[in-house]
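Chemist: Once you've had a glance at the structure underneath, I'll fire off some questions.
The values are calculated or read from the model by the stated rules, or taken from the named source; none is laboratory data. Just so it is clear, the structure is predicted and the values come from calculations on it, not from any experiment. No Cβ is skipped: glycine too gets one built from the backbone with ideal geometry, and neighbour counts run over all protein chains shown.
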Amino acid sequence: MSEKRRRGNGEGSFVKLPSGKWQYRRSVMTPAGTYKTFSATANTQHEAREKTEKKIADFTRQASDMTLEEFSKLYIKDGCAEGYMKKSTLEKTVKPTFKNRINPALGDKKLVELKRADIQQWVTKLAHSNCLRRNQRLSKKGVESILGVLKASLTWAVDMEYLDRNPAQRIRVPDLTTEEEAETKKYKQDEDFLSKEEIRQLVEEIQIPNKYPTKNVIMFLLLTGCRVGEALGLTWKCVGKDKIQIRKTLEKIPGEEPYLDKTKTSMTRDIEMTENIAPIIREQRLLQMNYRTLSKGEWKSDLNLVFTQIDGKPFTSKMVYGQLKKAGKTIGLKNSKGEERTLHPHTLRHTFVTLALDTGTMSDIEASRYIGHKSLKTTEKYYIKDNAWRKKEAEGMDKVFSEIINSDEHAEQPDAWKKHGT
């Protein structure tokens, strides 16, 4: 058993370990007003105490003098380490937000002296500022996103006992949205899906030979409701005879090679291999076999992806978006006001869910799980709409799409939608 020797109040205590070494422990009040225990082990009591006191001095000095900018570097290094946060979130959101929004305004302030009033003033000013990439005022959601990064970092500061409370809590974000902006936003959300006729037009357009290299990606997005990163991150290992496993998403950080990461919600799910999806997968196998032959050993795919370019490199979400935008413009996609609509990968996701709900093929909960939402509230907020597509009887989603594409008006069914053989 270890032998414990107590000292006077506030002076800590020694413990002799079974190994014969000494451990010294002492609790001190931090600049945040809380108590934190420090300890160290050494061959002698003197060495153990010396090591512990050095830890206390280093921590106290750091906590007392550290500015918010200095703290942000510590947070990025330790609080956002692998396993705690997705790399893409760190590189695309946390780092840029500290660099461009938080540190220029609050970075010089000492962490322990940061007050709620300081943050509230900054948020109010932020709500009146413009986006970095376009001359347009930040939306309330954009301000909340920036504040969220600061709030999360200060929560970590409390957990690490640098602070006793989070001064970013209960900060109010002003809503400066005008009635016209609110109406435009609601209007865009309500029309962010394709009608049956628009689906037919899109499918016919992307079947034009050699015009849309990402056509199979587009078809897969339409037929599954997947996020674009999930489709691009699909590997052959996850493709079975009856099911397709959605396990990863393809991420790309500027200056680095694409890599596979967890899905947006870190959830995994299975998708049925339907009679409309199977020909797309089969065509991809044949295409890649031809690509490998033509490449003469120059095939560059290291991730075993289903959807690749002719040289084996992954498609990017930017490529898919660019080709969808081109297709939408070609078929003359318009909104109900007669204005040009931009076709986006997420439009296909909205279309899938809208069809699933409006035909009664899936319940709200089933649709939410199928497309990988963590919460039904997300599905209700962005996908469940009231419109004129309601049907009383349920139909399978595969049948729904087949009937849309193979209507009397368009008797010839595109190859990618024909039933596969046994």
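Chemist: From L287, L303, L333, grab the single residue that is farther than 20 Å from Y212 by Cα and not basic (K, R). Steps first, please.
Modeler: Values: L287 fails: farther than 20 Å from Y212 by Cα; L333 fails: farther than 20 Å from Y212 by Cα.
The unique qualifying residue is L303.
Chemist: Answer yes or no as to whether T347 is in a loop (DSSP other than H, G, I, E, B) and at pLDDT 65 or above. I'd like the intermediate steps shown before the answer.
Modeler: Working: in a loop (DSSP other than H, G, I, E, B): no; at pLDDT 65 or above: yes.
For T347, the condition - in a loop (DSSP other than H, G, I, E, B) and at pLDDT 65 or above - is not met.
Chemist: Can you find a residue that is over 20 Å from K73 (Cα atoms), hydrophobic (A, V, I, L, M, F, W, C) and modelled with pLDDT under 90 anywhere in region 103-121?
Modeler: No, that holds for no residue.
Chemist: Can you name the residue in region 201-250 that is among the small types (G, A, S) and in contact (Cβ under 8 Å) with a residue 40 or more places away in the chain and, of all such residues, is surrounded by the fewest Cβ atoms within 10 Å (Cβ to Cβ)?
Modeler: Here is the first cut: in region 201-250, the residues among the small types (G, A, S) are 225, 229, 231, 233, 240.
If we keep only those that are in contact (Cβ under 8 Å) with a residue 40 or more places away in the chain too, we end up with 225, 229, 231, 233.
Details: G225: 25, G229: 22, A231: 27, G233: 27.
The residue in question is G229.
Chemist: If you don't mind, there's one more thing I want to ask. If you scan region 232-271, which residues turn out to be closer than 22 Å to V94 by Cβ, outside any loop (DSSP other than H, G, I, E, B) and not polar (S, T, N, Q)?
Modeler: Correct list: K248, L250, E251, Y259, L260, D261, K262.
Chemist: Related question: Look at K77 and say whether it is loosely packed, with under 14 Cβ neighbours inside 10 Å and either under 35 Å from the mean Cα position of the chain (by Cα) or outside the structural domain of L154 (by TED's automatic domain parsing) (or both).
Modeler: Answer is yes for this residue.
Chemist: In the set I310, I280, I253, which member is surrounded by 15 or more Cβ atoms within 10 Å (Cβ to Cβ) and not aromatic (F, W, Y)?
Modeler: I280
Chemist: If T268 satisfies all but one of (1) surrounded by 22 or more Cβ atoms within 10 Å (Cβ to Cβ); (2) under 27 Å from the mean Cα position of the chain (by Cα); (3) among the β-branched types (V, I, T), what's the number of the condition it fails?
Modeler: It fails just one condition, (1).
Chemist: Which of the residues spanning region 149-180 are closer than 11 Å to L111 by Cβ and either polar (S, T, N, Q) or exposed (fewer than 13 other Cβ atoms within 10 Å of the Cβ) (or both)?
Modeler: Within region 149-180, S153 is the sole residue that qualifies.
Chemist: Identify all residues within region 122-141 that are part of a helix (DSSP H, G or I) and either basic (K, R) or under 21 Å from I76 (Cα atoms) (or both); write none if there are none. Before you say what the answer is, go through the steps one by one.
Modeler: Just the residues of region 122-141 that are part of a helix (DSSP H, G or I), to begin with: 122-127, 140-141.
Selection gives K125, K140, K141.
Chemist: Also, quick follow-up: Going through region 35-76 one residue at a time, which ones are at pLDDT 90 or above, among the β-branched types (V, I, T) and within 28 Å of G20 (Cβ to Cβ)?
Modeler: T41, T44
Chemist: A follow-up question, please. Any residue that is in a loop (DSSP other than H, G, I, E, B) and not assigned by TED's automatic domain parsing to the domain that holds V149 - is there at least one of those in region 44-64?
Modeler: Looking for residues that are in a loop (DSSP other than H, G, I, E, B) and not assigned by TED's automatic domain parsing to the domain that holds V149, one finds at least one in region 44-64, hence yes.
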